[in-house]
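The values are calculated or read from the model by the stated rules, or taken from the named source; none is laboratory data. Note that the structure is predicted; figures quoted are calculated from it, not measured. Every residue, glycine among them, receives a Cβ derived from its backbone with ideal geometry; neighbour counts consider all protein chains shown. Keep in mind that these areas ignore ligands, DNA and RNA; they rest on the heavy atoms of the full protein, side chains included. Shrake-Rupley method; radii C 1.70, N 1.55, O 1.52, S 1.80 Å.
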Amino acid sequence: MVSGVVALLTDFGTDDPFVGVMKGVILSRFPAVRLVDLTHGIRPQDVVHGAFWLERSFRWFPGGTVHLAVVDPGVGTERAALAARAHGQLFLGPDNGLLAEVLARDGSAEVRRIEPSRLALPVPSATFHGRDLFAPIAAELAAARLAFEAVGPEAQPSVGRLLAPPVRGADCVSGSVVCADRFGNLISNVEAHLLDGVRRPLVEIAGITRPLLRTYGEAAPGDYVAVVNAFDTVEVAIRDGNAALALGAGRGTPVVVRSA
Amino acid sequence: MVSGVVALLTDFGTDDPFVGVMKGVILSRFPAVRLVDLTHGIRPQDVVHGAFWLERSFRWFPGGTVHLAVVDPGVGTERAALAARAHGQLFLGPDNGLLAEVLARDGSAEVRRIEPSRLALPVPSATFHGRDLFAPIAAELAAARLAFEAVGPEAQPSVGRLLAPPVRGADCVSGSVVCADRFGNLISNVEAHLLDGVRRPLVEIAGITRPLLRTYGEAAPGDYVAVVNAFDTVEVAIRDGNAALALGAGRGTPVVVRSA
Amino acid sequence: MVSGVVALLTDFGTDDPFVGVMKGVILSRFPAVRLVDLTHGIRPQDVVHGAFWLERSFRWFPGGTVHLAVVDPGVGTERAALAARAHGQLFLGPDNGLLAEVLARDGSAEVRRIEPSRLALPVPSATFHGRDLFAPIAAELAAARLAFEAVGPEAQPSVGRLLAPPVRGADCVSGSVVCADRFGNLISNVEAHLLDGVRRPLVEIAGITRPLLRTYGEAAPGDYVAVVNAFDTVEVAIRDGNAALALGAGRGTPVVVRSA
């Protein structure tokens with residue numbers, strides 16, 4: 001049921017030793033673990049950014065992977081820590097919306113509130129639950145020494161989806177930009193399946209309109225291009241350029257797809 | 001014959017989840033794989049940069065390593081995907097020159113064109129062959145479930161070396177800067193073995209001339225210093241400084257080594 | 001006694017292939033190794049930064065971990081290479097103060113000078129001992145094929161602690177900032193245990209004074225907050241902001257904790 005893989009998503013970056021010590025803790029408990037960095041480049045404290053990529057990415061991991069997700073501006077406050085079983089995988093993270101996109105897409109997802117007192121853990125530091133709470137639990141779950149049901153009582157997340165989901169209109173879909181990637185490509189939350197029935201789709205963003213193409217290469221060099229990206233959402237790029245800079249667009253910029 | 005190691009070189013950076021999902025795919029197919037990041041810091045879409053470091057680096061990996069290289073501005077166009085066996089290792093990458101430096105140094109290298117239709121792979125996305133094409137094939141090759149010969153027919157790369165190789169003159173060698181590293185050290189393509197017969201070599205770059213020394217420490221603090229670096233090419237640095245900034249030098253800056 | 005884990009701390013960054021080839025070398029010698037990046041984001045050539053994080057971090061790794069630490073501005077000079085056994089773990093690094101914080105906290109630490117000529121190693125390059133000297137030795141130690149005692153003769157480090165340790169006064173402790181982390185939080189070398197007996201501690205830094213709180217969340221949004229961080233030293237942050245920028249503080253900025 002568990003794969004022995006622990007995948008990490010954080011906003012810690014990799015310049016500081018925070019991720020390294022989390023891995024040290026996991027290895028100390030479960031030497032055979034296979035650790036994978038999903039990303040540590042979530043923008044600092046940007047829960048929306050983390051929730052989006054966690055949901056778009058988990059399906060590429062082996063069934064039974066334990067996803068440890070930490071974007072946690074409220075660490076040390078009373079916010080709960082959650083464990084979830086969804087999509088055949090396990091997810092750990094703070095109750096701040098970080099798991100919300102994953103949970104929203106599995107109607108039979110199970111959520112539990114982590115109760116450290118039930119588990120034989122040292123008292124966690126006030127500022128680094130990634131290392132002191134989530135890492136040990138991830139290790140124990142991945143090692144199949146701790147059952148999901150044993151982490152704590154069933155619970156409802158207190159924070160839901162933080163980013164408004166796209167809206168399907170009569171002949172169009174309205175969503176928004178979630179983030180730009182390294183190449184300056186603008187990644188929206190408009191999923192491809194929402195476009196069923198939109199004939200000859202045109203993508204509108206920041207004052208420009210372009211047809212939805214299949215690949216970057218179909219656009220003229222230097223021109224904007226809209227495609228469905230490899231994570232199955234609408235994306236706007238400039239061939240050989242940086243669309244985020246050129247359009248001055250980013251989180252929240254409206255993206256509308258309508259029929260030509 | 002295969003080592004079970006898959007080494008990754010891309011221009012994806014590590015802030016986005018692109019590398020993470022590639023690893024998820026590889027682990028899903030080959031749980032015992034040992035994954036190594038060679039680098040994901042190749043400059044975006046800079047095939048020359050990737051080709052250089054792939055060639056300078058592969059020899060430090062175990063025989064039978066599968067090198068998965070993705071710097072792929074043409075993804076989604078008709079460019080072919082290649083697999084190569086050279087130097088006792090395997091290499092996967094687009095047919096855009098990325099493997100050319102590796103292939104140029106092994107006269108008995110074998111190259112095949114990957115034919116996805118021969119392999120039981122889902123249809124790859126138009127924009128992320130690293131995940132949908134190269135990653136699964138790397139996993140299958142590293143797991144020794146797929147034979148090199150089975151990836152597709154023999155082929156000739158359609159794109160050769162993109163960076164002019166150094167030229168050996170009567171009493172000098174002329175090359176150029178490939179890149180600056182994190183420390184601002186300027187790394188040229190002038191390999192040490194080309195300097196055989198150049199007595200008391202002097203290195204000329206961007207208007208300055210310095211003798212070729214053995215270590216940075218032989219130079220005066222704050223002065224320029226030319227050495228043969230650990231990747232066996234001529235490199236120009238400033239002791240305790242950033243030579244790339246100080247000289248305004250970078251890709252393509254001529255580097256000439258001549259006798260004193 | 002050894003765990004099979006090799007943890008890496010360097011100032012190499014991850015954009016260049018330097019870390020990747022070190023891992024290739026280690027894997028070539030010890031295929032079953034488990035490699036962990038503690039961090040490669042130590043500021044270039046900043047031995048103090050590396051020494052601090054190595055010491056604050058090692059305790060989170062399994063007993064018997066081999067820590068390979070390379071921040072080595074003197075590479076290629078006559079500086080010695082050291083191996084140390086301390087705190088139940090092994091440490092490799094140049095004799096330039098990088099191991100000094102680790103050694104200062106274990107009275108029974110053993111230190112040996114690495115003698116490459118005793119070991120069947122190729123002659124190392126002049127500029128990359130991380131790959132040519134430390135990596136092979138780390139692999140052999142982690143594989144338990146090389147005994148710690150066999151790396152070379154007992155030795156005293158020639159370079160001690162580079163950063164003045166905090167000073168305990170009658171009713172206060174005086175230390176300094178070591179670095180800022182990704183979030184701009186200012187991390188000092190004032191360890192929590194030094195504060196025993198400081199009643200109702202106030203933290204002074206860069207002209208401001210704040211009480212020592214337990215978590216960031218206890219401060220008002222936008223205000224400065226001083227806490228004992230998860231690495232057990234005093235840290236000054238701004239809730240939802242960047243304290244390093246706001247205070248213009250960094251390495252060496254005095255931090256004083258006194259009774260209210």
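Label-to-label distances for B:Thr77 across copies, nearest first, come out at 5.0, 5.0 nm, using points 7 Å from Cα in the beta-carbon direction. Kirkwood Rh over Cα pairs of region B:82-133 into Stokes-Einstein at 4 °C, 1.567 mPa s: D in µm²/s? In µm²/s, the coefficient is 107. Computed from protein heavy atoms with a 1.4 Å probe, the total accessible area buried between A and C is close to 2300 Å². The residues of region C:202-230 listed by number as losing at least 30 Å² of accessible area in the complex, against the isolated chain and with a 1.4 Å probe, are C:Arg214, C:Thr215, C:Tyr216, C:Ala230. With both labels modelled 7 Å from their Cα along Cα-to-Cβ, the C:Leu119 to A:Arg214 distance reads 5.5 nm.
A simple charge model with +1 on the Cβ of Lys and Arg, -1 on the Cβ of Asp and Glu and nothing else charged puts the dipole of region B:171-248 at about 140 debye relative to its Cα centre. Which value in nm describes the separation of the simple spin-label points at B:Ser259 and C:Ala109, placed 7 Å from the Cα toward the beta carbon? Going from the B:Ser259 label point to the C:Ala109 one covers 5.2 nm.
So how tilted is helix C:18-29 from the main axis of chain C? Cα-based, degrees 0 to 90, rounded to 10. The angle comes out at about 50 degrees. Classify region B:1-42: rounded, prolate or oblate, from the alpha-carbon gyration tensor (a ≥ b ≥ c, eigenvalue square roots; a/c under 1.5 rounded; otherwise prolate if a/b is larger than b/c)? Oblate shape, in that a/c is at least 1.5 and b/c is the bigger or equal ratio. Highest mean packing first, where packing is the average number of other Cβ atoms within 10 Å per residue, the peptides C:91-101, C:227-237 line up as C:91-101, C:227-237. Computed from the C-beta positions of C:Arg199 and A:Glu78, the FRET efficiency with R₀ = 22 Å rounds to 0.20.
When DSSP beta bridges are restricted to pairs lying wholly in chain A, around 70% turn out antiparallel. How much of the accessible area of the protein assembly as shown, probe 1.4 Å, is carbon plus sulfur, in whole percent? About 53 percent, which is the carbon plus sulfur part of the accessible surface. Pairs of Cα atoms nearer than 8 Å and 6+ residues apart set the relative contact order; for chain C it is 16 percent.
Report relative contact order for region C:74-217 in percent, whole number only (criteria: Cα-Cα under 8 Å, sequence separation at least 6).
18
Each Lys or Arg adds one and each Asp or Glu subtracts one; over the other residues with Cβ under 12 Å from the Cβ of B:Arg34, this totals +3. Most simply put, the protein assembly as shown has about 70% antiparallel DSSP beta bridges, counting only bridges with both residues inside it.
Lys and Arg at +1, Asp and Glu at -1: add these up for the other residues within a Cβ distance under 15 Å of A:Ser259 and post the number.
Its environment carries a net charge of +2.
Counting only DSSP beta bridges with both residues in region B:1-152, the antiparallel share comes to about 45 percent. For region A:30-101, what class follows from the C-alpha gyration tensor (a ≥ b ≥ c being the square roots of its eigenvalues): rounded when a/c is under 1.5, otherwise prolate if a/b is larger than b/c, else oblate? Prolate, since a/c reaches 1.5 and a/b exceeds b/c.
Taking every DSSP helix (H) stretch of at least 4 residues in chain B, weighting each as -39,500 (n - 2.57) and dividing the sum by the residue count yields a mean residue ellipticity at 222 nm of -4500 deg cm²/dmol. One equal scatterer on each Cα of region A:104-150, no solvent, Debye formula: the resulting log10 I(q)/I(0) at q = 0.13, 0.20, 0.27 Å⁻¹ is -0.35, -0.74, -1.07. With 0.36 nm allotted per residue and the present C-alpha distance subtracted, the A:Cys172-A:Asp240 stretch has 21.6 nm of extension available.
The orientation-averaged projection of the convex hull spanning the C-alpha atoms of chain C amounts to 14.5 square nanometres. Give the residue from B:Val167, B:Ala138, B:Gly197 lying farthest towards the positive end of the charge dipole for chain B; charges sit on Cβ (+1 for Lys and Arg, -1 for Asp and Glu) and the dipole is referred to the Cα centre. Going by the charge dipole, the pick is B:Gly197. The base-10 log of I(q)/I(0) for the protein assembly as shown, evaluated at q = 0.05, 0.11 Å⁻¹, reads -0.27, -1.38 [Debye formula, identical scatterers on Cα atoms, solvent excluded].
In region A:181-260, Cα pairs under 8 Å separated by at least six residues give a relative contact order of 41 percent. Extending 7 Å from Cα along the Cβ direction at B:Ala164 and again at C:Arg59 yields two label points whose distance is 6.0 nm. Over what distance in Å are the Cα centres of region A:79-126 and region A:183-209 separated? Computed from Cα coordinates, the inter-centre distance equals 32 Å. Residue of chain A with the smallest Cβ distance to the axis mapping A onto C, distance rounded to whole Å: A:Thr14, 4.
About the centre of its Cα atoms, region B:210-254 shows a dipole size close to 100 debye [charges on the beta carbon of Lys, Arg (+1) and Asp, Glu (-1) only; nearest 20 debye]. Placing +1 on the Cβ of every Lys and Arg and -1 on the Cβ of every Asp and Glu, with nothing else charged, gives region B:19-76 a dipole about its Cα centre of roughly 200 debye. Each residue of region A:144-158 was assigned a 3J(HN,Hα) from its phi angle through the Karplus expression (A = 6.51, B = -1.76, C = 1.60, θ = phi - 60°), giving 6, 9, 10, 7, 3, 5, 8, 6, x, x, 4, 8, 9, x, 8 Hz with x at Gly and Pro.
Here, region C:136-253 has an Rg and a Dmax of 19.1, 56 Å when only alpha carbons are counted.
Of the candidates C:Arg112, C:Arg85, C:Arg34, which one comes out as most mobile in a Gaussian network treatment of chain C with C-alpha springs shorter than 10 Å? Highest fluctuation among the options: C:Arg34.
Across identical copies of the chain, A:Pro122 has label-point separations of 4.2, 4.2 nm, listed in ascending order, with the point defined 7 angstrom from Cα along Cα→Cβ. Label-point spacing at B:Asp223 relative to the other copies reads 5.7, 5.7 nm, in ascending order, each point sitting 7 Å out from Cα along Cα→Cβ.
Along the Cα-to-Cβ line of A:Gln45, 7 Å from the Cα, sits a label point; which residues in region A:105-138 have backbone N less than 18 Å from it? In region A:105-138, the label zone of A:Gln45 (backbone N under 18 Å from the point 7 Å along Cα→Cβ) covers A:126-130. In Å², and per residue, what accessible area does the protein assembly as shown have when probed at 1.4 Å with the other protein chains present? Here the residues of the protein assembly as shown average 36 Å² of exposed surface. The distance from the alpha carbon centre of region A:39-68 to that of region B:216-241 is 42 Å, rounded to a whole number. Computed from Cα atoms, the angle from the helix C:47-57 axis to the main principal axis of chain C rounds to 90 degrees.
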